[in-house]
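Chemist: Shown below is the structure under consideration.
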Amino acid sequence: MASNTKQKKVKILIVEDNPGDVRLFKEILSDINNHNYIVEDVRTLEDSLTKSHQNNYDAVFIDLNLPDSFGIDTLYKFISKINNIPIIVLTGSDDLELAAKSLDAGAQDYLVKGQFDFNSLKRAIKYSIERNRIQKEKEELNNKLKIYADRWSSTFNAIEDAMSVINIDGKIIQANKAMCNLFQIDNKNIVGKICIDLLKDSDHQRDICSMELAKKYKTRQNHIFKINGKFFNCIVDPVLDENNNIVRMIHILSDVTQQKKAEEELEQNYKKIKKLFEQAIFSFGRLLEVKDPYTAGHQKNVAQIATLIAIDLDLNSEKIEAIRLASLVHDIGKIAIPASILSKPGKISFAEKSMIEMHPQIGYEILKEIDFSYPLAEIVLQHHEKIDGSGYPNKLKNGDILLEARILVVADVVEAMSSHRPYRPAHTIEETLHEIESNKGILYDPDVVDSCLRIFKSGKLNIHDLEK
Ligand SMILES: [Fe+2]
């Protein structure tokens, strides 16, 4: 069956002044000619150049000794004008040295006259064309690489952030303009330097160095350091090979001075607001104490006990602060209870008791609209709940009660029992601690009770040191 695709013919030029050699060459190629070769010939170098310019030859066979050129110069002259066609030098058996020189000069191959047949000729043509193709691809690839390298270099230098590429030992391989400007070193002198040596005048600390961490964890790391009054965020990105080994690291130093200053301002403002807020909380507490002098100092004392319990239980700083502030205002709801009931000596009626028991809910209503970062209003709401569900106002049990409230309730009981009230004298600390210990796991969280006992028994807090 005939092939639909026509095989492309190989176009050959023979540059040879000896008609006998030309005839022989053509005969060999036509010996088993299946019309795959188009063979043309010229006698001089000049004609070969003209023809090569006009035609798209796949290969040129050239005898170096021609009427208008002699020896290796023939090849030099040809290659200087035509450099994209594979050349095969035709040589006599006595000038093999010249053949070797020809290969050095760029010829793809050489053939010794009278010693080749169809197969060797075909092979020489095929290999020459193939070698030429590979060489061209290599050149194209090199050109592309050069373009990419130039693009990378110009992009690298145009980046505003200081960037460098360093090797595994911390030596700078490449640095951009911003990096050189930052450390006031020219590119020639920055390459080869150990990057950490550039940070001599900074507050950079080796133990938080991103490079060390990036080497350890093989992931992107960053840290901030200060140099010449400016803050820089240092990002280190490790580049890994296929075996997950670090081959180099990219350093990026971004000037974050403005951002850092804004953060510091924000932090200062936050501290100011926090201070104002604390003052407001104190005022709230004082407000109640004016109304109910018997509870003067109570909230402050509860705050002291509750905070020590929270610290003893190893709670985080935010929870400790929440407990301290909630304690300072936990009875704020009593502000709505008539002073005559609050400071009534002797027994109170059921209705009066019910009214007093509304104070956690009232406290919650007062505080709930204020946007705290912790559940201050909820802690206040739950500060009379007991873990067996016998507390008020919602009869919550165990884990349904916030830990902060479970701490506050114990601190509240200890402070209240050890204080004088119009209707009873103060209990001793032994009686007070006995009360919470005997109700451990019943009314009060066992861990909180244990913690409270530890604090008093270890002498960390003496009940007489509290404000009375
Ligand atoms: Fe209370």
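Chemist: Which lysines, on any chain, are close to Lys216 with Cα under 26 Å apart, when same-chain ones fewer than 8 places away are left out?
Modeler: In chain and number order, the partners are Lys171, Lys193, Lys200, Lys226.
Chemist: Let me ask another. Which percent of Cα-Cα pairs in the range 386-468 sits in each 10 Å bin, short to long?
Modeler: With a bin width of 10 Å, the distribution comes to 17, 49, 29, 4.
Chemist: Let me ask you something else. Could you put Leu198, Leu466 in order, starting from the residue whose Cβ has the fewest other Cβ atoms within 10 Å? Don't skip to the end; give the middle numbers.
Modeler: On the way: Leu198 21, Leu466 18.
By the 10 Å Cβ count, ascending: Leu466, Leu198.
Chemist: Calculate the spin-label point distance for Asp465 paired with Asn36, positioning each point 7 Å from the Cα along the beta-carbon direction, and give it in nanometres.
Modeler: 10.3
Chemist: Kindly rank 130-139, 433-442 from highest to lowest mean number of other beta carbons found within 10 Å of each residue.
Modeler: Ranking, from highest mean packing down: 433-442, 130-139.
Chemist: Follow-up. Determine which aspartates and glutamates satisfy two conditions relative to Lys218: a Cα distance under 14 Å, and not lying fewer than 8 residues away in the same chain.
Modeler: Asp237, Asp241, Glu242
Chemist: Something else: Pulled fully out, how much extra length does the chain show between Ile370 and Glu435, if you take 0.36 nm times their separation in residues and subtract their Cα-Cα distance?
Modeler: 19.9 nm
Chemist: On to the next question. Sticking to Cα atoms, compute the Rg of the range 262-465 to one decimal and its Dmax as the biggest Cα-Cα distance, whole number, in Å.
Modeler: Rg and Dmax of the range 262-465, Cα atoms, are 16.9, 59 Å.
Chemist: May I pose another question? If packing is taken as the average count of other Cβ atoms within 10 Å, what order do 224-230, 262-268, 163-169, 449-455 fall into, highest mean first? Can you show the working numbers first?
Modeler: On the way: 224-230: 13.4, 262-268: 10.6, 163-169: 16.3, 449-455: 19.1.
So the peptides 224-230, 262-268, 163-169, 449-455, ranked by packing, come out 449-455, 163-169, 224-230, 262-268.
Chemist: With Cβ to Cβ distances under 13 Å as the rule, what net charge do the other residues near Glu130 carry (K, R +1; D, E -1)? Mind showing how you got there, number by number?
Modeler: Working: positive: Lys122, Arg123, Lys126, Arg131, Arg133, Lys136, Lys138; negative: Asp58, Asp109, Glu137.
Residues close to Glu130 contribute a combined charge of +4.
Chemist: Kindly state, to the nearest 0.05, the FRET efficiency for Thr219 paired with Lys146, given R0 = 35 Å and r defined as their beta-carbon distance.
Modeler: Working from the Cβ atoms, E equals 0.60.
Chemist: Could you line up Met355, Met249 from fewest to most neighbouring Cβ atoms inside 10 Å? Could you put the intermediate results ahead of the total?
Modeler: Numbers: Met355 16, Met249 23.
By the 10 Å Cβ count, ascending: Met355, Met249.
Chemist: Compute the semi-axes of the equivalent ellipsoid of the chain, taking the square root of 5 times each eigenvalue of the Cα gyration tensor, and list them largest first in whole Å.
Modeler: 100, 25, 19
Chemist: For the range 10-139, take the convex hull of the Cα atoms, compute a quarter of its surface area, and give me that in nm², please.
Modeler: Averaged projected area of the range 10-139's Cα convex hull equals 7.3 nm².
Chemist: For the range 83-95, take each phi angle, set θ = phi - 60°, evaluate the Karplus expression 6.51 cos²θ - 1.76 cosθ + 1.60, and give the result in whole Hz per residue in order, putting x for glycine and proline.
Modeler: Listing the rounded values in order: 10, 10, 10, x, 10, 10, 7, 9, 9, x, 5, 8, 10 Hz.
Chemist: Using modelled backbone amide H atoms (1.01 Å from N, in-plane), which distant-in-sequence or interchain residues come within less than 5 Å of Leu313's amide H?
Modeler: Under 5 Å from the amide H of Leu313 lies no amide H from a residue far enough along the sequence or on another chain.
Chemist: What net charge do the residues around Asn316 carry, taking every other residue with its C-beta under 14 Å from that of Asn316, with Lys and Arg at +1 and Asp and Glu at -1?
Modeler: -3
Chemist: Also, I was wondering about something else. I'd like the projected area of the range 127-253, averaged over all directions, using the convex hull of its alpha carbons. Report it in nm² with one decimal.
Modeler: For the range 127-253, averaging the hull's shadow over all directions gives 9.8 nm².
Chemist: Quick check: Cα centre of the range 73-148 to Cα centre of the range 340-402, how many Å?
Modeler: First find each Cα centre; the distance between them is then 99 Å.
Chemist: Could you please report the charge total around Gly192, scoring K, R as +1 and D, E as -1 over all other residues with beta-carbon less than 13 angstrom from its beta-carbon?
Modeler: Numbers: positive: Lys171, Lys188, Lys193; negative: Asp169, Asp186, Asp197.
It works out to a net charge of 0.
Every number in this text was worked out from the coordinates using simple rules, so none of it is lab data. Please read all numbers here as calculations on a predicted model, not as lab measurements. Don't worry about glycine lacking a Cβ; one is built from the backbone with ideal geometry, like all the others, and counts go over all protein chains shown.
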